[in-house]
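Visitor: Input: one structure, supplied below.
The values are calculated or read from the model by the stated rules, or taken from the named source; none is laboratory data. Note that the structure is predicted; figures quoted are calculated from it, not measured. Heads up, the Cβs are rebuilt from the backbone with ideal geometry, glycines too, and the neighbour counts pull from every protein chain shown.
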Amino acid sequence: MNLIRAARTAINNPGMPGAYGRYLILRSLGMGGPYIRVGSDARVGRKWTNFSEYWSYRGPGHGPGPSLPSAVKSLIASSQARASGRAVAIDAGANIGLFTAAFAASGFSEVHAFEPVPATFERLADNVAINHFKSKVLLNPMGLGDQERVLNIRYDWKSPATAHMVSEATSDTCPVQITTLDKYAELNGIQRIDFLKIDTEGYETAVLLGSESLLNEKRVSLILLEWCPELLVRAGSSPDRLWQLIKDMGYVLHPISLAPKTDRPLTLAELKSNPWDNLIAVPAEAPM
């Protein structure tokens with residue numbers, strides 16, 4: 001059955017056999033990679049945990065697909081271009097550094113990356129190093145949340161991107177330090193954030209609660225966040241609570257693609273019917 005399943009997977013993904021062969025060859029030779037390009041000036045992926053992780057970043061087809069969708073790349077570029085003075089990006093839930101590298105390569109003056117899982121943080125630091133981004137990227141081996149404290153994070157080495165906060169310590173968790181973005185910005189002299197990316201497996205509500213001063217004062221120009229009702233509930237929040245929090249702080253949600261472009265923000269009813277998406281939040285008075 002496993003062979004039949006593997007054969008079907010290969011048929012449905014014509015680029016997979018060749019990609020897997022290249023992956024095995026490079027790994028056996030100790031050459032690192034294969035890498036995923038982030039634009040023309042950056043790459044990530046010298047230390048993949050397995051082929052599945054590499055494939056999830058690479059994308060299907062005979063040639064590697066774009067590591068980030070074109071809409072996201074355009075969003076990053078436009079945010080950097082609109083910044084006045086130093087352009088600052090925050091990468092909450094940086095994982096191995098795809099967004100961190102994209103921010104640095106696009107010209108952001110400062111990129112502050114947060115990754116609390118020790119093993120994943122090491123790979124994030126490695127990807128920053130191979131791109132020579134140390135001068136503009138500040139790496140933080142911690143997470144962002146609603147208060148300063150120590151929490152437990154569950155981590156599966158076979159699927160690092162699914163790491164998430166849990167209430168109790170078990171054999172498959174590790175303690176991680178949490179700080180708030182408000183506190184971090186104060187300590188690091190950050191007056192304004194041009195791009196805040198949050199991908200924290202349902203912990204988005206807590207990250208925003210810890211950014212209350214920055215958001216209420218509209219010192220965050222744009223937020224890119226994952227919307228997943230199932231993960232929000234698992235983390236002790238809910239779609240209703242996240243939507244209301246964003247609204248109360250004076251922000252509105254839009255589709256990331258803006259295609260077709262609309263000035264009308266997304267409603268809660270529209271969002272609750274969507275099991276997963278990446279959305280952008282901007283100040284309500286900001287033009288789209």
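Visitor: Under 7 Å between Cβ atoms, at least 6 apart or on separate chains: pull out the pairs that start in the stretch 146-165 with a residue that is of a type in the set (Asp, Glu) and end on any residue that is surrounded by 12 or more Cβ atoms within 10 Å (Cβ to Cβ).
Guide: 146/180; 146/206; 146/209; 146/210; 148/178; 148/179; 148/180; 148/183
Visitor: Also, I was wondering about something else. Yes or no: residue 121 surrounded by 14 or more Cβ atoms within 10 Å (Cβ to Cβ), outside the structural domain of residue 39 (by TED's automatic domain parsing) and in contact with an Asp or Glu (Cβ under 6 Å, 6 or more places away or on another chain)?
Guide: Judged against the criteria, residue 121 is a match.
Visitor: Return only the number of the condition from (1) in the same structural domain as residue 221 (by TED's automatic domain parsing); (2) under 21 Å from residue 35 (Cβ atoms) that residue 138 does not satisfy.
Guide: (2)
Visitor: Same structure again: Condition first: closer than 19 Å to residue 286 by Cα, of a type in the set (D, E, K, R) and in contact (Cβ under 8 Å) with a residue 40 or more places away in the chain. Now tell me which residues in the stretch 198-229 satisfy that.
Guide: Correct list: 218 only.
Visitor: State whether the residues of the stretch 238-256 include one that is touching a residue at least 40 places away in the same chain (Cβ under 8 Å) and at positive phi.
Guide: Checked against the condition, which is being touching a residue at least 40 places away in the same chain (Cβ under 8 Å) and at positive phi, the stretch 238-256 yields no hits at all.
Visitor: While we're looking at this one, here's another question. Looking only at the stretch 58-91, filter to residues that are touching a Ser or Thr at 6+ places or on another chain (Cβ under 6 Å) and not polar (S, T, N, Q); which one of those is modelled with the lowest pLDDT?
Guide: Out of the qualifying residues, it is 71.
Visitor: A further question follows. Could you list, in sequence order, all residues of the stretch 229-243 that are among the aliphatic types (A, V, I, L, M), in contact with a strand residue (DSSP E or B) (Cβ under 9 Å, 6 or more places away or on another chain) and part of a helix (DSSP H, G or I)?
Guide: 231, 242 - these are the residues of the stretch 229-243 that are among the aliphatic types (A, V, I, L, M), in contact with a strand residue (DSSP E or B) (Cβ under 9 Å, 6 or more places away or on another chain) and part of a helix (DSSP H, G or I).
Visitor: Also, quick follow-up: Would you confirm whether any residue within the stretch 177-196 is on the phi > 0 side of the Ramachandran plot and not hydrophobic (A, V, I, L, M, F, W, C)?
Guide: yes
Visitor: Say we look at the stretch 244-288 and pick out the residues that are modelled with pLDDT of 90 or more and in a loop (DSSP other than H, G, I, E, B); which of these is surrounded by the most Cβ atoms within 10 Å (Cβ to Cβ)?
Guide: Of everything passing the filter in the stretch 244-288, 249 is surrounded by the most Cβ atoms within 10 Å (Cβ to Cβ).
Visitor: Now for a separate question. What is the number of the single condition among (1) within 27 Å of residue 83 (Cβ to Cβ); (2) within 16 Å of the chain's Cα centre (by Cα) that residue 232 does not meet?
Guide: Status for residue 232: all satisfied but (1).
Visitor: Additional query: Would you confirm, using the coordinates I've provided, whether residue 25 is at pLDDT below 75 and exposed (fewer than 13 other Cβ atoms within 10 Å of the Cβ)?
Guide: So residue 25 fails the test.
Visitor: Additional query: Out of all the residues in the stretch 209-227, is one or more in contact with a strand residue (DSSP E or B) (Cβ under 8 Å, 6 or more places away or on another chain) and either among the polar types (S, T, N, Q) or over 26 Å from residue 180 (Cβ atoms) (or both)?
Guide: yes
Visitor: Starting from residues that are surrounded by 13 or more Cβ atoms within 10 Å (Cβ to Cβ) and under 18 Å from the mean Cα position of the chain (by Cα), keep the ones in the stretch 147-156 and report whichever is modelled with the highest pLDDT.
Guide: 153
Visitor: How many of the residues making up the stretch 21-41 are farther than 14 Å from residue 57 by Cβ and aromatic (Phe, Trp, Tyr)?
Guide: Count: 0.
Visitor: Further question: Of everything in the stretch 98-118 that's surrounded by fewer than 23 Cβ atoms within 10 Å (Cβ to Cβ) and polar (S, T, N, Q), which residue is nearest to residue 79 (Cα to Cα)?
Guide: Checking each candidate, the answer is 106.
Visitor: If you don't mind, there's one more thing I want to ask. Please work out which one of (1) without any contact (Cβ under 8 Å) to a residue 12 or more places away in the chain; (2) buried (at least 24 other Cβ atoms within 10 Å of the Cβ); (3) of a type outside the set (Asp, Glu) is the condition residue 129 fails and give its number.
Guide: (2)
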